[in-house]
Amino acid sequence: RDHRDLHLSLRRQRQMCIRDSYSSSEITVHQLNELKQDDKKIQIIDVREDTERDHAHIKGTIHMKLSEIAKRYTELDKKKNIFVMCHTGTRSQAVCKWLKAQGYNHCVNVLGGIDAWAALIDRNIRRY
């Protein structure tokens, strides 16, 4: 019983730490991976081009190319966090800034993008 209580307590602590990431404007791939495991309906937007996504992508992400954001951003749930990724984090940072200007205040840039994810989380994803 004590072991189970400790496990639940540690899980609650982890969720509190993860929740803190929500209010941040940036998140690491490790933090995002934990969130993705806890919430299968998480909004992760991939803003890379088709050719880049053909090389590598994370299952369950929403593909919304940088050139399409201005036309398609209303498809996103404004009330939920929106995690934005690209190859290394530069384009996604610009998209987050733009989305926040449109009133999407829960936008979070994924530091290091798909490259960091492939290097640190899923080595089956091809780096390019």
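Say we look at the range 48-95 and pick out the residues that are of a type in the set (V, I, T) and in contact (Cβ under 8 Å) with a residue 24 or more places away in the chain; which of these is surrounded by the fewest Cβ atoms within 10 Å (Cβ to Cβ)? My answer is T88.
Among the residues of the range 26-47, the one identified as part of a loop (DSSP other than H, G, I, E, B), open to solvent by less than 60 Å² (accessible area, probe 1.4 Å) and either free of Cβ contacts under 8 Å to residues at least 24 places away in the same chain or not β-branched (V, I, T) (or both) is D39.
The values are calculated or read from the model by the stated rules, or taken from the named source; none is laboratory data. Worth saying up front: this structure is predicted, and the values here are computed from it rather than measured. Note: ideal-geometry Cβ built from the backbone for every residue, glycine included; neighbour counts use all protein chains shown. Protein only, heavy atoms only, side chains kept; ligands, DNA and RNA dropped before computing areas. Shrake-Rupley method; radii C 1.70, N 1.55, O 1.52, S 1.80 Å.
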